[in-house]
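In what follows, a structure is listed as structure tokens, so that the remarks can point back to it.
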Amino acid sequence: MTTIAAQVILHPAATQSLKVLGTTLGRDKIYRAAQYFARFYAWFLVSKGYNIQAVRWNALKSHLATGRKLMRIGKPLEHLQAALKAIHSTTRFGEKVTTVLRQLCYAGYLGYDMAVWANSARFVTLSKESSEKANRRSARFWVWGIVFSICHGLIKAGRLANEAKELRSSSWGEKSTGSEAERAVRYAAVENDRSSVRYQFIIDLLDVWIPATNVGYVNLNDGVLGIFGLITSLMALRSQWAAVSKSKV
């Protein structure tokens, strides 16, 4: 029995899970997945008439959302630094502009998000009108941050597709052992980048509906938004899992 328990506790998957939980991003994505599952399940229970049972899930959703706001304090500065670095980068103009705008929008979104949290924690006191205004502005910045992320993904995907095409066509030319090996490495790197861009593109296409509904641009119910949020949270958690795995190598 002791051996079985040791095998479970010391299993590589358990160790990997602890490493993911040891990162702020890993914890945030797990909390986010639970938050959006609770959002979906509360909607499901209400739709079936189980209003009393839905109360606990709505409470869980609200508390997780508040806790995640606390974890994001300081993030606006991180996005402002990323925007400044992007300005001085040597990337293509379209990619540079969309990156800067995306980072600035995320900084605005998280800045207002901090004000919303401070008000909910009673650290500052905002009027009901000011609190609602801060929530709306936060959601608008979030929407536009995702929109610029989608634009960035489209522009970058186009560039990477052209690079991949050029590398494939050049393979038909004059060959040497060194150039073929270098071309293969470059092609693998480009394909890996294309896969990452497509992955993020899917996340953005699903996530954009959440703040868009909060602002009132669209009107999707909590069931749909809960599923979208759960899917993108698990996708982001998968990326973090892979990143932690690579860091061990």
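For every residue, the table says whether it meets (1) farther than 26 Å from residue 232 by Cβ; (2) within 30 Å of the chain's Cα centre (by Cα); (3) modelled with pLDDT of 95 or more.
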position: 2; (1), (2), (3): yes, no, no
position: 5; (1), (2), (3): yes, no, no
position: 12; (1), (2), (3): yes, yes, no
position: 20; (1), (2), (3): no, yes, no
position: 29; (1), (2), (3): no, yes, no
position: 33; (1), (2), (3): no, yes, yes
position: 42; (1), (2), (3): no, yes, yes
position: 45; (1), (2), (3): no, yes, yes
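Answer yes or no: is there a residue in the stretch 197-208 that is assigned to a loop (DSSP other than H, G, I, E, B), among the β-branched types (Val, Ile, Thr) and surrounded by 17 or more Cβ atoms within 10 Å (Cβ to Cβ).
The answer is yes; a qualifying residue exists.
The single condition from (1) surrounded by fewer than 16 Cβ atoms within 10 Å (Cβ to Cβ); (2) under 27 Å from residue 191 (Cβ atoms); (3) not β-branched (Val, Ile, Thr) that residue 122 fails is (2). Among residues of the stretch 44-64 that are on the phi < 0 side of the Ramachandran plot, those with a Cβ under 7 angstrom from a residue that is of a type in the set (Val, Ile, Thr) and assigned to a helix (DSSP H, G or I), sequence gap 6+ or separate chain, pair up as 54/46.
Among the criteria (1) under 30 Å from residue 158 (Cβ atoms); (2) surrounded by 19 or more Cβ atoms within 10 Å (Cβ to Cβ), the one residue 94 does not fulfil is (2). Under the condition of being exposed (fewer than 13 other Cβ atoms within 10 Å of the Cβ) and over 21 Å from residue 58 (Cβ atoms), which residue from the stretch 219-244 is modelled with the lowest pLDDT? Filtering the stretch 219-244 for residues that are exposed (fewer than 13 other Cβ atoms within 10 Å of the Cβ) and over 21 Å from residue 58 (Cβ atoms), the one modelled with the lowest pLDDT comes out as 242.
The values are calculated or read from the model by the stated rules, or taken from the named source; none is laboratory data. Since the model is a prediction, treat every value here as computed from it, not as a measurement. Note that each Cβ is placed from the backbone with ideal geometry, even for glycine, and that neighbours are counted across all protein chains shown.
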